[in-house]
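Input: a single structure, listed below in structure tokens.
The values are calculated or read from the model by the stated rules, or taken from the named source; none is laboratory data. Note that this is a predicted model, so its numbers are computed, not measured. Don't worry about glycine lacking a Cβ; one is built from the backbone with ideal geometry, like all the others, and counts go over all protein chains shown.
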Amino acid sequence: MSQSKKTANTLLLVLWTLLYSSGAQAHFQLLYTPEVNLSKAATLPIRLIFAHPLENGHVMSMARPQAFYYWHKDKREELLPALTEITWQGPSNGNTAFAAEVPIKRNGDYIFVVEPTPYFEPSEELYIQQLTKSFVNKGGLPSGWEQPLGLKAEIVPLNKPTAILVGSTFSGVVLSEGQPVVGAEIEIEWINGQPDLQANRFGASRVTPPASVLVAISDANGVFTFGIPRAGWWGFAALGVGPDKRYQGKALSQDAVLWISATELR
Ligand SMILES: [Cu+2]
């Protein structure tokens with residue numbers, strides 16, 4: 001094949017991939033750390049990445065978040081000053097993300113929260129802000145993982161989020177300003193490319209994403225349930241459930257995101 005023909009074919013393939021995959025990708029704010037159950041004091045490596053984890057596609061650029069902290073018992077620990085800007089690499093591109101090293105000493109639950117600066121998505125002509133929670137436990141002692149944090153929008157777990165087994169189910173309740181949201185649309189994704197925290201990149205895709213986005217709808221009490229088919233990181237994004245609908249003169253989707261790490265019983 002001539003060089004120009006090859007180039008044309010490559011361009012077509014790229015276009016086709018973009019068109020084909022645009023329907024299957026969901027935005028997810030990641031708040032990732034490799035190990036959610038600690039037996040002794042440790043320094044947690046954390047990465048904040050805005051990506052399409054199941055498709056393992058384009059990595060979006062994150063601005064410095066509006067807030068980043070954890071709740072431990074009754075205390076909120078501010079982590080914004082601990083963030084360093086990094087470049088996170090996906091299979092097709094690299095983009096701005098954030099890293100932190102967070103010391104964990106006391107026993108109990110740590111609920112991490114990132115409140116990102118809204119991101120403008122040109123393909124949808126709207127801003128997206130995903131208020132995101134992720135959980136770590138030290139010493140096996142529960143201390144409030146089931147408590148709402150009073151976020152504008154949040155998913156509150158109904159199963160202990162640091163003890164989720166493959167083949168079991170996970171349920172959560174979607175809250176907007178503390179009230180259950182009936183009929184919320186919750187997109188569900190799995191982190192397909194293993195995050196490599198040394199290289200700050202996603203590994204190669206391990207599964208073929210399903211043809212269509214996985215979705216649950218919250219019931220009359222704001223509750224949804226999902227059966228966990230595979231070990232690894234599962235994310236739940238309740239779309240547009242937050243009270244803020246506009247940002248800088250444009251539409252805003254204020255979403256609630258929650259992450260769990262599922263393990264095999266063996
Ligand atoms: Cu995107």
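Those residues that are surrounded by fewer than 22 Cβ atoms within 10 Å (Cβ to Cβ), more than 15 Å from the chain's Cα centre (by Cα) and either within 25 Å of Q254 (Cα to Cα) or touching a residue at least 60 places away in the same chain (Cβ under 8 Å) (or both), I need them from the range 182-206; list them, please. Within the range 182-206, V182, G183, E185, L197, A199, N200, R201, A204, S205 qualify. Checked against the criterion of being surrounded by fewer than 15 Cβ atoms within 10 Å (Cβ to Cβ), at pLDDT 95 or above and outside any loop (DSSP other than H, G, I, E, B), the range 223-238 has at least one qualifying residue. The number of residues in the range 157-181 that are within 15 Å of D255 (Cβ to Cβ) and β-branched (V, I, T) comes to 2. Screening E177 with (1) touching a residue at least 60 places away in the same chain (Cβ under 8 Å); (2) closer than 17 Å to N37 by Cβ gives one miss only, at (2). Within the range 101-126, the residues that satisfy the criterion of being under 23 Å from A237 (Cα atoms) and either in a strand (DSSP E or B) or in contact with a Gly (Cβ under 7 Å, 6 or more places away or on another chain) (or both) are D109, Y110, I111, F112, V113, V114, E115, Y119, F120, E121, L126. Restricted to the range 80-115, and to residues there that are over 26 Å from N56 (Cα atoms) and without any contact (Cβ under 8 Å) to a residue 24 or more places away in the chain, the residue that is surrounded by the fewest Cβ atoms within 10 Å (Cβ to Cβ) is P81. Among all positions in the range 145-154, there is at least one residue which is more than 20 Å from L38 (Cβ to Cβ), touching a residue at least 12 places away in the same chain (Cβ under 8 Å) and in a strand (DSSP E or B). Filtering Q25, Q29 for residues that are modelled with pLDDT of 95 or more, on the phi < 0 side of the Ramachandran plot and either assigned to a loop (DSSP other than H, G, I, E, B) or surrounded by 18 or more Cβ atoms within 10 Å (Cβ to Cβ) (or both) leaves a single hit, Q29.
Residues are listed down the side, and each one gets a yes or a no for (1) touching a Phe, Trp or Tyr at 6+ places or on another chain (Cβ under 9 Å); (2) of a type in the set (F, W, Y):
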position	(1), (2)
F120	yes, yes
P157	yes, no
P161	yes, no
S176	no, no
V182	no, no
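Across the range 61-79, the number of residues qualifying as within 12 Å of the ligand (Cβ to nearest atom) and crowded, with 21+ Cβ neighbours inside 10 Å comes to 1. Looking across the range 116-174, the residues that are crowded, with 19+ Cβ neighbours inside 10 Å, under 21 Å from W71 (Cα atoms) and within 16 Å of the ligand (Cβ to nearest atom) come down to P116, Q129, Q130, T132. Here L54 fulfils each of the conditions (1) of a type in the set (A, V, I, L, M); (2) within 16 Å of the ligand (Cβ to nearest atom); (3) not in a loop (DSSP other than H, G, I, E, B) apart from (3).
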